[in-house]
Amino acid sequence: MNGDCEMGSNNLIFNDNALAITLYGEQGRNLKLIEDSLNVTINSKGNELAISGDPISVELAKKICLQLYDLLRSGYMLHEGDVDNAIQILSEDAGARLKDIFLDKLLIKSEKRSIAPKTLTQKLYVEAIRKHDVVFGIGPAGTGKTYLAMAMAVSAFLKEEVGRIVLTRPAVEAGERLGFLPGDLADKVNPYLRPLYDALYDMLPYERVSSLLQGGVIEVAPLAFMRGRTLNDAFVILDEAQNTTSEQMKMFLTRLGFDSKAVITGDITQIDLPQNKESGLVEALEILSGIKGISFIRFTQKDVVRHRLVK
């Protein structure tokens, strides 16, 4: 580890005591997570770890500890869930490098926070958005589909790669009628768009977001408002796409103009359309798979990055 860590047969010795303590976590919490996940025993004594158990599991535990320590040496601060994600990533792909994933900062210029992928699929998703003009992110809630797409959109805007951001989702009635809600049409659909606003405010200062919204540089609107438009020089995100009809999906995909990028996210197991309506997302999967320039990234329960109990 660049001379900063020594390895014995089943032992690790970290030269930086402070980083070793950070790696272990409060009261050895991080080591306990690794023990429980891999069925190994880890004993710590100062800056030295002794790992015992099945040889394959021991090697994996050593690799996880080494790579997490290397992240700390790079200045990365471990966040809640990072150890779980590291265990999952290296269990799936022993050749993966946590640095390549956790240090892939999306909002390099953002003054509020920086965001990075937390799983292998999230990393593939980010790379797909960078390389392709149309990307579908499909999978369960909590996998970061929309949040990462928003981060990529904000990053592209801050780097002046696009001139505006357009965020949209279908306003599908789930248990209550829009007509019963107070206000005009904009007021009625606003609750459906609230998650998109929340993500924006999480990435940029409130005043900046408000100014960009008022100036029309960032637009948050129901899908119905997209009809008849051509979106040039824009990063466009369609959220909750499983609730689009075939006609709506075709309408959205044909809005894309020059120098624009579209990300479509949805969960095909959570369709709220009437039974006689086919999901536009499902149909798009069938028709567009394999077309050059269009990428499909599928998330699973393993990619859920919310609280451990949510996973």
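The values are calculated or read from the model by the stated rules, or taken from the named source; none is laboratory data. The model shown is predicted, which means the values in this text are computed figures rather than measured ones. Backbone-built Cβ (ideal geometry, glycine too); neighbour counts: all protein chains shown. Surface areas here come from the heavy atoms of the whole protein model, side chains and all, with no ligands, DNA or RNA. Shrake-Rupley method; radii C 1.70, N 1.55, O 1.52, S 1.80 Å.
Odds and ends about this structure:
- From T300, T265, residue being among the hydroxyl-bearing types (S, T, Y) and at pLDDT 95 or above: T265
- All of D272, D233, D259, D239 fail the test of being open to solvent by 40 Å² or more (accessible area, probe 1.4 Å) and touching a Lys or Arg at 6+ places or on another chain (Cβ under 9 Å), apart from D233.
- Residue among D36, D93, D133 that is open to solvent by 20 Å² or more (accessible area, probe 1.4 Å), touching a residue at least 12 places away in the same chain (Cβ under 8 Å), more than 30 Å from R208 (Cβ to Cβ) and acidic (D, E): D93
- Top-ranked residue of the range 136-172 - restricted to ones that are aliphatic (A, V, I, L, M) and over 18 Å from M203 (Cα atoms), ranked as most open to solvent (accessible area, probe 1.4 Å): A141
- Odd one out for I42, checked against (1) surrounded by fewer than 18 Cβ atoms within 10 Å (Cβ to Cβ); (2) in a strand (DSSP E or B); (3) in contact (Cβ under 8 Å) with a residue 12 or more places away in the chain: (1)
- Scanning the range 171-181 for residues that are part of a loop (DSSP other than H, G, I, E, B) and either in contact with a strand residue (DSSP E or B) (Cβ under 7 Å, 6 or more places away or on another chain) or at pLDDT below 50 (or both) gives A171, E173, A174, G175, E176, R177, L181.
- For the range 45-87, filtered to residues that are of a type in the set (D, E), farther than 21 Å from N15 by Cα and free of Cβ contacts under 8 Å to residues at least 40 places away in the same chain, the residue that is surrounded by the most Cβ atoms within 10 Å (Cβ to Cβ) is D82.
- All positions within the range 88-105 that are charged (D, E, K, R) and more than 19 Å from L12 (Cα to Cα): E92, D93, K99, D100, D104, K105
- When residues of the range 275-287 are limited to those that are outside any loop (DSSP other than H, G, I, E, B) and touching a residue at least 24 places away in the same chain (Cβ under 8 Å), the one surrounded by the most Cβ atoms within 10 Å (Cβ to Cβ): G280
- All of (1) in a loop (DSSP other than H, G, I, E, B); (2) at pLDDT below 90 hold for D100 with one exception: (1).
- When the residues of the range 205-230 are filtered to those that are of a type in the set (G, A, S) and not in a helix (DSSP H, G or I), the one that is least open to solvent (accessible area, probe 1.4 Å) is A221.
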